[in-house]
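Heads up: the structure comes next, in structure tokens.
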Amino acid sequence: MTKREAVEFAKKFNWTAADAKRAFIDLDLNKANEQDLLMALANFAGQELLNRQRLQAAQKAQVTRKKNEIKQIETEYQQHMEQSKQTIEEMQSLFIPVIAKLYGFSKQFGLQDPWIEAMLETYEQHHPKAS
């Protein structure tokens, strides 16, 4: 009997191919008959299969836990980014007009700074009602 035939035999009893291969690992399939296959399946179906199923359940639980952690981190990150954006906008609303007034006053005494002028121009382009 070939390995493929043995796996097909196990599938008739609703075994997965992977579990069937594990059950037949110590069996000499060339000399095995149906009774040998059934005994190998029965032996594997006991404690070993139960342990494997417990390990799979534990792994699934870990995956679920990690997915939930990642989702929570993503949510917290998104909230943090939104709060930061709002804080920056509030700071711009407060400081840019103050800088504009101070710069306007300083220009009377000859101060000119292209960086400040570019910043004020950009701010006015993005916030036309602020001017």
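If you stretched the chain out fully between K3 and V98, how much longer would it get, using 0.36 nm times the residue separation minus the C-alpha to C-alpha distance? Write down the numbers at each step before the final one.
Values: separation 95, 0.36 × 95 = 34.20 nm, distance 8.15 nm.
Contour length minus Cα-Cα distance gives 26.0 nm.
Mind checking which aspartates and glutamates have their Cα closer than 19 Å to the Cα of K3? Skip sequence neighbours fewer than 8 apart in that chain.
Here the aspartates and glutamates satisfying the reach criterion relative to K3 are D19, D26, D28, E34, D36.
With every protein chain left in place, what is the accessible area per residue of the chain in square angstrom, probe 1.4 Å? Provide the component values of the computation, followed by the final result.
Working: 10820 Å² over 131 residues.
Per residue, the chain has an accessible area of 83 Å².
Please identify every one of the trypsin sites (Lys or Arg not before Pro) in region 25-93 that sits in a loop by DSSP and has no more than 13 other beta carbons within 10 Å of its own beta carbon. Numbers along the way, then the final one.
Details: sites: K31, R52, R54, K60, R65, K66, K67, K71, K85; in loops: K31.
Answer by residue number: K31.
Go through region 42-131 and name the chymotrypsin sites (Phe, Trp or Tyr not before Pro) that are in a DSSP coil and have 14 or fewer other Cβ atoms within 10 Å of their Cβ.
Numbers: sites: F44, Y77, F95, Y103, F105, F109, W115, Y123; in loops: F109.
Answer by residue number: F109.
Quick check for me: using +1 on Lys/Arg Cβ and -1 on Asp/Glu Cβ, what's the dipole size of region 3-83 about its Cα centre, in debye to the nearest 20?
Values: 14 positive and 12 negative charges, 9 e Å.
Dipole about the Cα centre, nearest 20: 40 debye.
So if the hydrodynamic radius of region 55-130 is defined as the Kirkwood radius over C-alpha pairs, what does Stokes-Einstein give as its diffusion coefficient at 25 °C and 0.890 mPa s, in µm² per second? List each step's numbers first, then the result.
Values: Rh = 16.2 Å.
It comes out at roughly 151 µm²/s.
What is the pair-distance distribution P(r) of the chain, computed from all Cα-Cα distances in 10 Å bins starting at 0, with each bin given as a whole percent?
10, 21, 12, 9, 8, 8, 8, 11, 9, 3, 0
How many angstrom separate the Cα center of region 65-93 from the Cα center of region 1-57?
Spelled out, the Cα-based centre of one part sits 51 Å from the other.
Find which of N33, A17, S84 sits farthest along the positive direction of the dipole of the chain, computed with +1 on the beta-carbon of Lys and Arg, -1 on that of Asp and Glu, about the Cα centre.
Ranked along the dipole, the leading option is N33.
Within the chain, what whole-number % of the accessible surface is contributed by carbon and sulfur, with the 1.4 Å probe and all protein chains included in the calculation?
C and S atoms contribute 55 percent here.
What number, in percent, do you get for the relative contact order of region 1-93 if the mean sequence gap of Cα pairs under 8 Å and at least 6 apart is divided by its residue count? Walk me through the intermediate numbers first.
On the way: 32 pairs, mean separation 19.1, N = 93.
Computed value for region 1-93: 20 percent relative contact order.
Could you check the spin-label model distance between F105 and Q86? Points 7 Å from the Cα along Cα→Cβ, value in nm.
About 3.2 nm, to one decimal.
The values are calculated or read from the model by the stated rules, or taken from the named source; none is laboratory data. Everything numeric here is computed off the predicted structure, so don't read it as measured data. Please note: Cβ atoms are built from the backbone with ideal geometry, for glycine as well, and neighbour counts cover all protein chains shown. Keep in mind that these areas ignore ligands, DNA and RNA; they rest on the heavy atoms of the full protein, side chains included. Shrake-Rupley method; radii C 1.70, N 1.55, O 1.52, S 1.80 Å.
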